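Presented below is the structure to which this report refers.
The values are calculated or read from the model by the stated rules, or taken from the named source; none is laboratory data. Keep in mind that what you see is a predicted model, and the values were worked out from it rather than measured. Backbone-built Cβ (ideal geometry, glycine too); neighbour counts: all protein chains shown. Just so you know, the surface numbers come from the protein's heavy atoms only, side chains and all, with ligands and any DNA or RNA stripped out. Shrake-Rupley method; radii C 1.70, N 1.55, O 1.52, S 1.80 Å.
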Amino acid sequence: VERREAEVCIVGAGPAGLVVAHRLLDARVPFILVEQLGSSALSARAKAGMIEHRTVRALSPHGLAAPILEQGTTNGVTEICVDGERRAFDYAALTGGRGHHVYPQHRLVQAWADRLIERGGTLLFATRVTAIEQGAGRRPAPSSQAGCRVLGRSADGSPMEIDCRAVVLATGASAGLTPEGIESHEHTHPFRWLTAMVEMPPLGERTIYAAHRNGFAAHLRRSPSLTRYYLQIDARDNLGDWQGERLGAELELRLGVAGQGVIRGPFVERDVLDLRVRVCEPMQSGCVYLAGDAAHLITPAGGKGMNLAIMDGLELSEGLIERFGGHPARLERYSQARLPSIWRAQEFSNWMLTLFCGGVLEFHRAMPNPAASFARGLHRAQVERLFTDPAFARWFAHAYAGVEEAA
Ligand SMILES: Cc1cc2nc3c(=O)[nH]c(=O)nc-3n(C[C@H](O)[C@H](O)[C@H](O)COP(=O)(O)OP(=O)(O)OC[C@H]3O[C@@H](n4cnc5c(N)ncnc54)[C@H](O)[C@@H]3O)c2cc1C
């Protein structure tokens, strides 16, 4: 067995885990970051791209915003398309110019992982953590008497053990290692999204959200040569149901871009996403601290997940740094500090799904026509309010861009 020791073991090198690692390295708190994927597989996982202004502002003092600011773009206008008719909604104008930064998550993860290694941080690729034993190991935990032992296995099957004083569980959607004493609130929406990333220039500068009688669709810019699409599909559909021309034709119809050729390059990613949501309370148990999707899974509607993961990482790392400097109060309050904004983001994301997917509970292919058309009428009226009710438009712009009222 390969045995190692560190103050902190971070499990998962997504945005949450990498932010914690960089901050601990800044503060010289010894850590080991363990990632189950190999380096190239890690930086090929295309997911997010919409990064809030406040997230970039929080990353900047730590030198972590550089890839986004130097190579990313911005988005401040979204087109809202109802049954094929498109209208522009300038949310940056309503938030003092604070729209989104746009940069692909997989490139950010790659840049942060490369930088961590250059700076001398320990990142063990292709090593899967299989168990966390609390009350084991040689190091005392910050908030209890005993430390933690993290058990894992590298790609060649050899076992590994890390004795540490705190574990950051940043393992994304998989909930397998969640410790006892944490309650999970969860729900799965009754439809799915087909998600696709295509290597091609976007159709235009603007994000497009479409509320169509067939369901939701979206077009998002990720970079000058990467375009992201979402398509709401039935819960029983899978990728095989959307092969050939069918996906492109349906995207063109719902997005109101007939004849523009929405798929003009190879797929970088194509998947079917169950719209699962989850919040864990509290986000800590003994010496284990949850961060990012491991603590709260959110749908991509509203583009909040990576932003929350980064903000968790920043708050948790400050708590750990203070704790190892002899001040445990901030770490003890980690859950209380993060949960209110996590629930606000869940509420907004759920609201946005309701708005664009025609009523979360009502949507169903087998729904009787009068009920389906009533639900459509409601969501058309709601979309219309964005253009006729300034207070509603302002609220939406702030919540979507993640701009606090006081900011
Ligand atoms: C299609 C799509 C679009 C999205 N768009 C947006 C957007 O525009 N804006 C936004 O803010 N969010 C968006 N999100 C959400 C965002 O991608 C996630 O919230 C984000 O990846 C969470 O980061 P994380 O670090 O918590 O987890 P992850 O990125 O999932 O990273 C977890 C890491 O842990 C590793 N791991 C897991 N288990 C183990 C183990 N046992 N041992 C070792 N390693 C392990 C995994 O391999 C992975 O690398 C989107 C998500 C999807 C699916």
Residue pairs within 7 Å by beta carbon, gap of at least six or interchain, first lying in region 265-291 and closer than 30 Å to ASP241 by Cβ and hydrophobic (A, V, I, L, M, F, W, C), second open to solvent by 40 Å² or more (accessible area, probe 1.4 Å) and more than 12 Å from the ligand (Cβ to nearest atom), listed first then second, are VAL268/GLU199; VAL272/ASN238; VAL272/LEU239; LEU275/THR188; VAL277/GLU186; VAL277/HIS187
Yes/no for ASP26 being touching a residue at least 12 places away in the same chain (Cβ under 8 Å), at positive phi and more than 16 Å from the ligand (Cβ to nearest atom):
no
Any residue that is open to solvent by 20 Å² or more (accessible area, probe 1.4 Å), under 15 Å from the mean Cα position of the chain (by Cα), of a type outside the set (D, E, K, R) and within 25 Å of ILE80 (Cα to Cα) - is there at least one of those in region 239-262?
no
The condition from (1) within 16 Å of the ligand (Cβ to nearest atom); (2) of a type in the set (A, V, I, L, M, F, W, C); (3) over 14 Å from the mean Cα position of the chain (by Cα) that PHE324 misses is numbered (1)
Residues located in region 322-334, provided they are in a helix (DSSP H, G or I) and surrounded by fewer than 20 Cβ atoms within 10 Å (Cβ to Cβ):
GLU322, ALA329, ARG330, GLU332
Among the candidates MET352, MET311, which residue alone is open to solvent by 50 Å² or more (accessible area, probe 1.4 Å), within 15 Å of the ligand (Cβ to nearest atom) and on the phi < 0 side of the Ramachandran plot?
MET311
What number of residues in region 80-105 are surrounded by fewer than 15 Cβ atoms within 10 Å (Cβ to Cβ), of a type in the set (A, V, I, L, M) and over 12 Å from ARG206 (Cβ atoms)?
1
Got at least one residue in region 65-79 being near the ligand (Cβ under 10 Å from one of its atoms) and surrounded by 15 or more Cβ atoms within 10 Å (Cβ to Cβ)?
no
Would you call SER60 within 14 Å of the ligand (Cβ to nearest atom) and free of Cβ contacts under 8 Å to residues at least 12 places away in the same chain?
no
Filter result (of a type in the set (A, V, I, L, M, F, W, C), more than 13 Å from the ligand (Cβ to nearest atom) and either more than 30 Å from HIS22 (Cα to Cα) or touching a Ser or Thr at 6+ places or on another chain (Cβ under 7 Å) (or both)) within region 165-197
ILE182, PHE191
Could you go through region 8-17 and let me know if any residue there is open to solvent by 20 Å² or more (accessible area, probe 1.4 Å), over 15 Å from the mean Cα position of the chain (by Cα) and within 12 Å of the ligand (Cβ to nearest atom).
no
